[in-house]
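Contents: one structure, followed by commentary.
The values are calculated or read from the model by the stated rules, or taken from the named source; none is laboratory data. Computed from a prediction, not measured in an experiment: that's the story for all the values here. Neighbour counts run over all protein chains shown; Cβ positions are idealised from the backbone, glycine included.
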Amino acid sequence: AQSVAQPEDQVNVAEGNPLTVKCTYSVSGNPYLFWYVQYPNRGLQFLLKYITGDNLVKGSYGFEAEFNKSQTSFHLKKPSALVSDSALYFCAVSPLSGGYNKLIFGAGTRLAVHP
Amino acid sequence: GAVVSQHPSWVICKSGTSVKIECRSLDFQATTMFWYRQFPKQSLMLMATSNEGSKATYEQGVEKDKFLINHASLTLSTLTVTSAHPEDSSFYICSARVTGTTGELFFGEGSRLTVL
């Protein structure tokens, strides 16, 4: 079965420190990969995507993610966390089998950045 | 970027009534829109794929007669929760992709339904 795993329910980081939010996936073929962020009672905002090319993808608000095909991972990173980065982060994959139309979401990781 | 608007943001209704949620793509055309449901502290569950001018495609386990979807134009899809019950209370989110593109979906702000 196709799935996305975000192994950490919550990540705690001090402001100014680097952050990593982990994501691994189990999808056949070469899926498209995404990160979205959700603030309380709001929809999802697109952060970044990987379709092809350079394994390091840069996105909105200083976030970046590294695609690792051998480890089937797509971890989200930021060199220096801000308190305003505190939110719920979702990793998602769009498999070829769905014509790249459907998104399969991970369970989400809550990022808490402390002053 | 592309903007997707949902209305209403919040709705409270009595058990047994029906509620309609609208999803509009404001500055682009969307042949396909997607409806998700999100339970508290959980991920998004795809309910159905809404196709302009044709019937929606429902995911396994989603009741077609309970969650009616209509996609009458390239910028509007509606989700109607019929005969709502308290267990239908949830956060409903729509999304859309610009027609003819692959890649990211643009999400609405979500609609929180509370059934009393």
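State yes or no: is residue B:112 under 10 Å from the mean Cα position of the chain (by Cα) and surrounded by 13 or more Cβ atoms within 10 Å (Cβ to Cβ)?
When the stated conditions are applied, residue B:112 does not pass them.
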Exercise. Of all residues in the stretch B:1-14, count the ones that are surrounded by fewer than 16 Cβ atoms within 10 Å (Cβ to Cβ) and closer than 11 Å to residue B:114 by Cβ.
Key: 3
Practice problem: Return the only residue of B:91, B:28, B:39 being closer than 29 Å to residue A:48 by Cα and in contact with a Lys or Arg (Cβ under 7 Å, 6 or more places away or on another chain). | Solution: B:91
Practice problem: State yes or no: is residue B:25 over 24 Å from residue A:107 (Cα atoms), among the polar types (S, T, N, Q) and surrounded by 15 or more Cβ atoms within 10 Å (Cβ to Cβ)? | Solution: yes
Practice problem: Any residue in the stretch A:32-53 that's of a type in the set (D, E, K, R): show its pairings with residues that are assigned to a loop (DSSP other than H, G, I, E, B) at Cβ separation under 8 Å, as long as the two are six or more apart or on different chains. | Solution: A:42/B:109; A:42/B:110; A:49/A:59; A:49/B:103; A:49/B:104
Quiz item: Restricting the search to the stretch A:31-66, which residues are of a type in the set (Phe, Trp, Tyr), more than 9 Å from chain B (Cβ to nearest Cβ) and more than 25 Å from residue A:83 (Cβ to Cβ)?
Solution: A:50
Quiz item: When only residues in the stretch A:10-28 that are modelled with pLDDT under 95 and assigned to a loop (DSSP other than H, G, I, E, B) count, which is surrounded by the most Cβ atoms within 10 Å (Cβ to Cβ)?
Solution: A:27
Quiz prompt | Check on residue A:38, within 23 Å of residue B:94 (Cβ to Cβ), out of contact with any Phe, Trp or Tyr (no Cβ under 7 Å at 6 or more places or on another chain) and modelled with pLDDT under 95 | solution = no
Quiz prompt | Verdict on residue B:30 being more than 11 Å from every other protein chain (Cβ to nearest Cβ) and modelled with pLDDT under 90 | solution = yes
Quiz prompt | Residues satisfying the stated conditions in the stretch B:65-112, i.e. charged (D, E, K, R) and within 14 Å of another protein chain (Cβ to nearest Cβ) | solution = B:97, B:104, B:109, B:112
Exercise. Quickly run through the stretch B:23-39 and pick out the residues that are over 24 Å from residue A:90 (Cα atoms) and either free of Cβ contacts under 8 Å to residues at least 60 places away in the same chain or touching a Phe, Trp or Tyr at 6+ places or on another chain (Cβ under 6 Å) (or both).
Key: B:26, B:27
